[in-house]
Amino acid sequence: MRNLLLLVLIKLRLLVRRPLMLVLCILIPILLSLLAGASVVGSDLTQIRGAYVDQAENEASGKLVAMLEGGVLAWDTIDSSAVSRALELSLYDGYLLIPQDFGQISSAGVDEAFSGEFIAGKDRLASGIVRENVTIAMIALAFEAKLTKDLSGMEGAALLRPADLDRLLAHMTQEAGQEGAKLPLVVHNQDMEEPQTLMLVPDVAIEVLFLSVFSLLSSLMLADAATQRRMRSLPGGLRRDYLSTLLALALSGLFQLALMVGSLKLLMPSTSRPSNYLPVMAVLLLWMLAFGQLTALIPGDRRFVPSSLLLFVSVLVGGTFLRMPAIWMTAIGQYTPHGWALAQLTGIPVHLSTPLAFPLAGLLLWLAYLGQKHSTYLAG
């Protein structure tokens, strides 16, 4: 054990001799993550503003306006002639035009009665939030109208006034809620009167890429054929050299990952990561260590080009360079190490679960050890 730890320290010192590689593999992903989040971290939900033009000015449009203004987003009423100028000046993030026949149910149906025209602003993210706010409000009004229509068709409903039907619907809704028919939304540690950030998740593809690059480069640095030949002359030397190499590479990879995550947490305290981030990145690290040990079977003067090409193919097919659609990740991307990791981190279903990925990584490391043990090139 003491000899093994001594070998690990020696190999870590070999990696420390190339501090520029470690700095670049930590500094660049941090800068890229900061650039990716700089445009959204300072955004504020309370600063998103929507505008509406109420051409109907009836009871239904009044309910819609009350629902919109009662939410988190800020809403203003403007004249229809001012919409074009407001669009050019980017005064609002979305514009709702409520038609004159809004809420007037005809033979066309309820859904058509509760529809309007939405014009998006120039900020796509903010306008998407405004559009979703409008959509939810209109769906709620349409669903309420359908329930009221169903109540009016029941026996004895003809004797009730529309106001009585509304009270009956509110009473039945309250009773259903008391009996457990609820769709609760619990928001923890959020004060809606304070600024809310719009994006809290960093681009994990950057960290996946640079963890792979660092693992491969450090593996190639320690893959010295002359050292392995000397270790083979000692009893159990090859095994101890292989284990010490893996331990040194694993420690350096974890150190790099901790610095990337910790630095971003200090610079962007509101960032968060998927709950499965640590086990998925641990599997990826093991896979890349196995890849590095397999490339050690190639002679030193010819191993960099093929290993780099294989890494490039994996990150490209796996959607690390270019964000691939979910159908691509499901059909092809998940079968590469980087595609599997990104799919797991983004919630795309994969065939290989994380608990099964660990023994698979161990099998690859064992095969790499057997390959080095019987390699004529390494044996000299």
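The values are calculated or read from the model by the stated rules, or taken from the named source; none is laboratory data. Just so it is clear, the model here is predicted, and its values are computed rather than measured. Reconstructed Cβ throughout: ideal geometry from the backbone, glycine too, with neighbour counts over all protein chains shown.
Some observations on this one:
- Within the range 337-366, considering residues that are touching a residue at least 24 places away in the same chain (Cβ under 8 Å) and within 30 Å of ARG230 (Cβ to Cβ), the one surrounded by the fewest Cβ atoms within 10 Å (Cβ to Cβ): GLY362
- Residue tally, condition crowded, with 18+ Cβ neighbours inside 10 Å and either modelled with pLDDT of 90 or more or within 21 Å of LEU211 (Cα to Cα) (or both), over the range 367-380: 1
- Residues located in the range 301-336, provided they are surrounded by fewer than 14 Cβ atoms within 10 Å (Cβ to Cβ) and of a type outside the set (A, V, I, L, M): ASP301, ARG302, PRO306, PHE312, PHE321, ARG323, PRO325
- The residues of the range 126-144 that are within 19 Å of SER90 (Cα to Cα), small (Gly, Ala, Ser) and crowded, with 18+ Cβ neighbours inside 10 Å, listed by number, are ALA126, SER127.
- Hey, VAL130 at pLDDT 85 or above and over 20 Å from GLU59 (Cβ atoms) or not: yes
- Test: residue in the range 2-16 that is in contact with a helix residue (DSSP H, G or I) (Cβ under 7 Å, 6 or more places away or on another chain), at pLDDT below 75, surrounded by 15 or more Cβ atoms within 10 Å (Cβ to Cβ) and within 30 Å of ALA205 (Cβ to Cβ): no
- Selection count, the range 69-82, where residues are touching a Leu at 6+ places or on another chain (Cβ under 8 Å) and part of a helix (DSSP H, G or I): 1
- Subset of the range 49-68 [in a helix (DSSP H, G or I) and closer than 19 Å to ILE105 by Cα]: GLU59, ALA60, SER61, GLY62, LYS63, LEU64, VAL65
- Pairs with Cβ under 6 Å, 6+ apart, first in the range 69-87 and in the same structural domain as ILE119 (by TED's automatic domain parsing), second surrounded by 11 or more Cβ atoms within 10 Å (Cβ to Cβ) and part of a helix (DSSP H, G or I): VAL72/LEU45; LEU73/ASN133; TRP75/LEU68; TRP75/GLU69
Conditions (1) modelled with pLDDT under 90; (2) outside the structural domain of LEU217 (by TED's automatic domain parsing); (3) in a loop (DSSP other than H, G, I, E, B); (4) on the phi < 0 side of the Ramachandran plot, marked per residue:
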| residue | (1), (2), (3), (4) |
| --- | --- |
| VAL313 | no, no, no, yes |
| PHE321 | yes, no, yes, yes |
| MET324 | yes, no, yes, yes |
| HIS338 | no, no, no, yes |
| VAL350 | no, no, yes, yes |
| ALA361 | no, no, no, yes |
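- The single residue among LEU342, LEU364, LEU310, LEU316 that is closer than 19 Å to LEU216 by Cβ and touching a Gly at 6+ places or on another chain (Cβ under 8 Å) turns out to be LEU342.
- Some residue of the range 84-92 being part of a helix (DSSP H, G or I), surrounded by 14 or more Cβ atoms within 10 Å (Cβ to Cβ) and not hydroxyl-bearing (Ser, Thr, Tyr): yes
- Failed criterion for MET329 (all others in (1) outside any loop (DSSP other than H, G, I, E, B); (2) in contact (Cβ under 8 Å) with a residue 40 or more places away in the chain; (3) under 18 Å from the mean Cα position of the chain (by Cα) hold): (2)
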